[in-house]
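Visitor: Quick one: this structure, given as structure tokens, is what I'll be asking you about.
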Amino acid sequence: MSIVVENVSKHYGKQKALNEISFEVKPGEIVGFLGPNGAGKSTMMKIITAYIPATSGKVQVCGMDVSKEPMKIKRLMGYLPEQNPLYHEMYVKEFLLFIAGLHKLNNKKKRVSKIIKKVGLELEQHKKIQMLSKGYKQRVGLAQALLHDPDVLILDEPTSGLDPNQLKEIRALIKQIGAEKTVMLSTHIMQEVEAICDRVIIINRGNMVANDTVENLGSVLQSKDQIRVEFEQAMEKKDLESIHGVIGVKKVSPTVWTLQHDPKVEIRNQLFQLAVDNKTTVLTLQKETTKLEDIFKALTSSPVEEN
Ligand code: ADP
Ligand code: MG
């Protein structure tokens, strides 16, 4: 029930969509695959589900190589693609029976009824798919991914476009499903990861920038306090770095800097002294604590030019 990704790269022509990505999803985990649009999330998921090949590298699902046993892999996995492709002319139950037929399931009717109940589609099962709200269409998508009772679920942006109530319901449903299965879901929304996932893998422009528990990622950076300081005149990075207790220095502009520091050391007095020594003044000073959201922003924004 595990997913092992080793040094996977994907090129679309000259464009590198994934660059040497490696990670593991352990049985029973719900892992969030987080990144801004164009990061490479859907590409990675299509490779894991054996819909497109990697340019290089290796993916194993439940111990099998996806490029060697694509059909077996597809049987073990449920996949909700980003564009949730449904047959809008079909009725909900009819569609699910059709999918059950594709999987050659025994007891199709019984299985479909069970899944309809599981995802909360009892009242809509006799409606045409095109009549359903986005949230209910998403439930149909989840139902088709779950029909053949796969061990591993790959959900590509399962909650995008949902209103706040639908969002809450679908998240709860995914969490409930995640209690029994290995789940990997992609999202570009931080709160989603905080709400559902055990672990988060962050990618940006095809590169992996973090892979940690949601808890760790939050607390590791929270343990360092951050101060944003604006000087009247340009400052030198090395001077800011020389302040006792400062761990990291980031330039926002020549006059605005963010400093990470050991929370046990008070650096504000030193900053004022530095300003005096440089014959300038401190215009503003703001304490910032780093939440996961900020980490995400920091990890995925383009690096500030260093001089
Ligand atoms: P995400 O799902 O994180 O938004 P994608 O995996 O869809 O990102 O895309 C990653 C990058 O690869 C993007 O720059 C996208 O334009 C490019 N890309 C995706 N699919 C194709 C394709 N079939 N042909 C060419 N480029 C593609
Ligand atoms: Mg995508």
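Visitor: Kindly provide the GluC sites (Glu not before Pro) of segment 178-254 that DSSP labels as loop, not H, G, I, E or B, and whose Cβ sees at most 10 other Cβ atoms within 10 Å.
Guide: Counting only loop positions with at most 10 other Cβ atoms within 10 Å, none of the GluC sites (Glu not before Pro) in segment 178-254 qualifies.
Visitor: Another question, then. Could you tell me the distance between the Cα centroids of segment 176-254 and segment 59-88, to the nearest Å?
Guide: 31
Visitor: Go through Leu142, Ile116, His126 and say which Cα lies farthest out towards the positive end of the charge dipole of segment 104-158; charges sit on Cβ, +1 for Lys and Arg, -1 for Asp and Glu.
Guide: His126
Visitor: How large is the Kirkwood hydrodynamic radius of segment 3-219, in angstrom, based on all distinct alpha carbon pairs?
Guide: After inverting the mean inverse Cα-Cα distance, the result is 17.6 Å.
Visitor: Turning to a different aspect of this structure: When the accessible area of segment 3-219 is split by element with a 1.4 Å probe, what percent falls to carbon and sulfur?
Guide: 50
Visitor: Any idea of the accessible area per residue across segment 1-135, 1.4 Å probe, to the nearest Å²? Working shown, then result.
Guide: Numbers: 7280 Å² over 135 residues.
Per-residue value: 54 Å².
Visitor: Okay, moving on. Could you tell me which of the pairs Lys114/Lys181; Lys104/Lys181; Lys41/Lys117; Lys46/Lys128; Lys72/Lys110 are separated by over 20 angstrom between their Cα atoms in the structure shown?
Guide: Too far apart for the 20 Å limit: Lys104/Lys181; Lys41/Lys117; Lys46/Lys128; Lys72/Lys110.
Visitor: Give Lys14/Lys297; Lys26/Lys127; Lys10/Lys109; Lys26/Lys250; Lys168/Lys251; Lys26/Lys109 a once-over and call out the pairs whose C-alpha atoms are over 29 Å from each other. It would help to have the intermediate numbers written out before the result.
Guide: On the way: Lys14/Lys297 27 Å; Lys26/Lys127 38 Å; Lys10/Lys109 40 Å; Lys26/Lys250 35 Å; Lys168/Lys251 38 Å; Lys26/Lys109 32 Å.
Flagged as over cut-off: Lys26/Lys127; Lys10/Lys109; Lys26/Lys250; Lys168/Lys251; Lys26/Lys109.
Visitor: Which loop-located trypsin sites (Lys or Arg not before Pro) does segment 32-76 contain, where loop means any DSSP state but H, G, I, E or B and the Cβ has at most 12 other Cβ atoms within 10 Å?
Guide: Lys68
Visitor: On to the next question. Mind checking the dipole of segment 224-288: about its Cα centre, +1 per Lys or Arg Cβ, -1 per Asp or Glu Cβ, Debye to the nearest 20?
Guide: 140
Visitor: Roughly speaking, what is the stretch gain from Ser160 to Asn278, that is 0.36 nm per residue apart minus the C-alpha to C-alpha distance, in nm to one decimal?
Guide: Separation in residues times 0.36 nm, less the Cα-Cα distance, equals 37.5 nm.
Visitor: Magnitude of the Cβ-charge dipole of the chain, K/R +1 and D/E -1, about the Cα centre, nearest 20 debye?
Guide: 1660
Visitor: Here's something else I'd like to know. Add +1 for every Lys or Arg and -1 for every Asp or Glu among the other residues with Cβ under 11 Å from the Cβ of Gln176, and state the total. Don't skip to the answer; put the middle values down first.
Guide: Working: positive: Lys118, Arg171, Lys175, Lys181; negative: Glu169, Glu180.
Once positives and negatives cancel, what remains is +2.
Visitor: Could I ask something else about it? In segment 224-288, what percent of the accessible surface is made up of carbon and sulfur (1.4 Å probe, ligands and nucleic acids excluded)? Working shown, then result.
Guide: Working: 1800 of 3720 Å².
The nonpolar share, carbon plus sulfur, comes to 48 percent.
Visitor: To the nearest 20 debye, what is the magnitude of the charge dipole of segment 87-179 about its Cα centre, counting +1 on the Cβ of each Lys and Arg and -1 on the Cβ of each Asp and Glu? Walk me through the numbers on the way to the answer.
Guide: On the way: 17 positive and 10 negative charges, 81 e Å.
Rounded to the nearest 20 debye, it is 380 debye.
Visitor: Quick one: net charge of Asn84's neighbours, Cβ under 11 Å, K/R +1, D/E -1?
Guide: With Lys, Arg at +1 and Asp, Glu at -1, the net is 0.
Visitor: Ok, one more. If you add up the charges near Arg199, with Lys and Arg at +1 and Asp and Glu at -1, over every other residue whose beta carbon is less than 11 angstrom from its beta carbon, what do you get?
Guide: It works out to a net charge of -4.
The values are calculated or read from the model by the stated rules, or taken from the named source; none is laboratory data. For clarity, every value in this text was computed on a predicted model and none was experimentally measured. Cβ atoms come from the backbone with ideal geometry, glycine included; neighbour counts cover every protein chain shown. Please note that ligands, DNA and RNA were not included when accessible areas were found on the heavy atoms of the full protein model with its side chains. Shrake-Rupley method; radii C 1.70, N 1.55, O 1.52, S 1.80 Å.
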